[in-house]
Every structure is written in structure tokens, then in C-alpha cells.
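Notes for the one structure printed next.
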């Protein structure tokens with residue numbers, strides 16, 4: 001796979017639980033990067049993670065000012081993908097529908113939902129500054145984009161089987177890093193196209209193992225970690241068990257536990 005000839009100035013944004021990572025690229029080369037730490041006291045002031053948008057946006061603007069990067073010099077704002085589905089891997093322009101889903105946390109709550117929203121806000125500021133100053137836009141209007149969101153779903157049908165029809169496997173993995181690893185392998189080994197089958201293990205605060213086949217991610221598995229409870233213990237699955245057990249109750253009890261167990265109808269007394 002050949003290197004792409006990249007021209008332009010890109011601001012990259014990655015909002016994590018307690019930090020915001022930013023990078024500034026010119027013609028494909030990283031010039032500046034910084035990990036902006038948000039203290040527990042700062043984060044604790046907000047009831048909901050999406051209320052942190054101004055805090056993080058101000059931190060990013062401070063980074064730009066410190067590095068002497070003017071808003072009008074930005075051509076693209078690239079953001080970490082948030083939690084929304086259905087979607088496949090790839091690059092997507094941030095639009096109103098995406099913003100609405102991320103702001104309401106419809107498909108999941110995580111700080112990564114902030115990235116696209118903040119990127120879109122900054123892109124609008126760039127366009128306003130250019131318009132007010134009558135400055136040219138070398139590549140047209142500045143827009144915000146995301147790449148390879150974590151709920152990207154390209155799994156094969158047989159990889160969705162989980163042993164119980166009510167609990168099919170679903171795609172939820174470190175798509176951005178996993179796919180970047182495959183792309184790096186292709187470049188390092190002189191591949192002109194994505195024609196490999198590769199298994200990638202992402203091991204960080206979370207752990208995922210993925211199977212990539214000629215591009216698409218055919219299988220993905222998220223392993224337990226301190227911040228990610230084992231699949232059977234997730235509240236969403238627990239409630240599904242209770243729902244499945246009620247219709248018909250005895251049949252479902254036998255299906256899950258091999259015998260008819262009595263469901264508690266109230267909290268135990270002490």
C-alpha cells in the first residue's frame with residue numbers, strides 16, 4: 001500500500017475520559033501534539049459527560065494559541081469517532097444527525113462522543129473567521145470528520161453467534177487503532193492494496209482482538225478490563241435475562257440454568 005500524498009493542515013482531536021489529545025499536521029507530517037489533562041476536580045463539576053464540551057474546547061483553543069496556530073490556517077478538523085450505529089468503517093463528515101445522536105448519547109455514553117461535536121464547532125469558527133476577514137479557503141469550507149468509529153459493524157453473520165439467540169455478538173472495538181495497525185503493516189511490507197488477513201490485539205485501558213479480512217473487520221471481541229465489565233455482568237444483559245425469563249418464565253429458567261429456579265420478587269431483608 002503506497003503512502004498517500006497529503007496536502008493541507010489538519011487538527012486532530014481525541015477526547016478520552018480524563019484527557020484530550022490534540023495534534024497538528026501539515027502536509028501529512030505531525031508538527032505539534034499534546035495530551036491535555038483534565039483534573040478530577042474539573043471533570044467532577046459536570047453532571048453529564050457531554051456538558052464538558054466548553055471545558056475541552058477551551059483547552060484545545062489554548063493549545064492552538066500556545067503553538068501559534070491561527071484558526072484560519074486549519075483546513076480539516078479530524079475527530080475520534082463516537083458511539084453511534086449502524087455504521088461501517090471509514091471516514092464520515094460530521095453532520096446534524098450525527099451531532100444529535102452523540103449529544104443525546106443514544107447509543108452509549110462516553111467522552112469520545114465529544115470529539116466530533118467539538119470538531120464541528122471549531123470548523124464553524126474557522127469558516128466564520130475566514131469569512132469575516134475575507135480570507136481565501138484553499139480547499140473550500142473547513143469541515144469536521146471522524147474515522148473508524150468504535151461501533152463500526154462489518155462482522156460476518158457466523159461471527160455474531162453467541163450461543164443464545166437473545167444475545168448475539170455485536171461490534172464494539174478499538175476500530176481506529178486496529179485498522180491503523182493493519183494499514184501500517186501493509187505499508188511496511190510493500191502491499192499496494194489491502195489483501196491480507198490479520199489478527200490485531202489492542203491492549204490498553206480496554207482490550208479488543210479483531211480479525212481483518214481484505215479490509216473489513218470480520219470479527220471483533222472485547223475482553224474484560226477494569227473499566228469494562230465482563231459481558232455477562234453488563235446491566236443491559238442482566239435486564240435482558242429477566243425479560244426473557246418472563247415469557248414463558250419456566251421455559252427460560254430451564255434454558256439459562258438447566259432447571260426451574262425461583263426468581264426473587266423483592267430485595268432480600270436483613
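The values are calculated or read from the model by the stated rules, or taken from the named source; none is laboratory data. All figures in this text were calculated on a predicted structure; none of them were measured in a lab. Here Cβ is always computed from backbone atoms with ideal geometry, including for glycine, and neighbour counts include all displayed protein chains.
Taking the criterion of being farther than 23 Å from residue 86 by Cα, assigned to a loop (DSSP other than H, G, I, E, B), in contact with a strand residue (DSSP E or B) (Cβ under 8 Å, 6 or more places away or on another chain) and modelled with pLDDT under 95, would at least one residue in segment 226-244 satisfy it?
No, segment 226-244 has no match at all.
Could you identify the single residue in 78, 61 that is buried (at least 18 other Cβ atoms within 10 Å of the Cβ) and within 19 Å of residue 142 (Cα to Cα)? It would help to see each step written out before you state the result.
Working: 61 fails: buried (at least 18 other Cβ atoms within 10 Å of the Cβ).
So the residue among 78, 61 that is buried (at least 18 other Cβ atoms within 10 Å of the Cβ) and within 19 Å of residue 142 (Cα to Cα) is 78.
Hey, among the residues in segment 102-119 that are farther than 18 Å from residue 12 by Cα and over 13 Å from the mean Cα position of the chain (by Cα), which one's surrounded by the fewest Cβ atoms within 10 Å (Cβ to Cβ)?
104
So in segment 170-204, with the set limited to residues that are touching a strand residue (DSSP E or B) at 6+ places or on another chain (Cβ under 7 Å) and part of a loop (DSSP other than H, G, I, E, B), which one is surrounded by the fewest Cβ atoms within 10 Å (Cβ to Cβ)?
My answer is 172.
Give 44, 68 a once-over and let me know the one that is over 19 Å from residue 15 (Cα atoms) and loosely packed, with under 13 Cβ neighbours inside 10 Å.
On the way: 44 fails: over 19 Å from residue 15 (Cα atoms).
When all the criteria are applied, what remains is 68.
Filter segment 60-97 down to residues that are free of Cβ contacts under 8 Å to residues at least 40 places away in the same chain and in contact with a strand residue (DSSP E or B) (Cβ under 9 Å, 6 or more places away or on another chain) and give me whichever is nearest to residue 48 (Cα to Cα).
Applying the filter and picking the extreme gives 62.
Answer yes if at least one residue in segment 158-169 is without any contact (Cβ under 8 Å) to a residue 60 or more places away in the chain, more than 27 Å from residue 105 (Cα to Cα) and surrounded by 18 or more Cβ atoms within 10 Å (Cβ to Cβ), and no otherwise.
no
Just the residues that are at pLDDT below 95 and within 19 Å of the chain's Cα centre (by Cα), please, taken from segment 6-47.
Result: 16, 17, 18.
Quick one: count up the residues across segment 22-57 that are without any contact (Cβ under 8 Å) to a residue 60 or more places away in the chain, out of contact with any strand residue (DSSP E or B) (no Cβ under 7 Å at 6 or more places or on another chain) and within 25 Å of residue 137 (Cβ to Cβ).
So the answer is 3.
Among residues belonging to segment 120-143 that are at pLDDT 95 or above and assigned to a loop (DSSP other than H, G, I, E, B), point out the one that is nearest to residue 15 (Cα to Cα).
142
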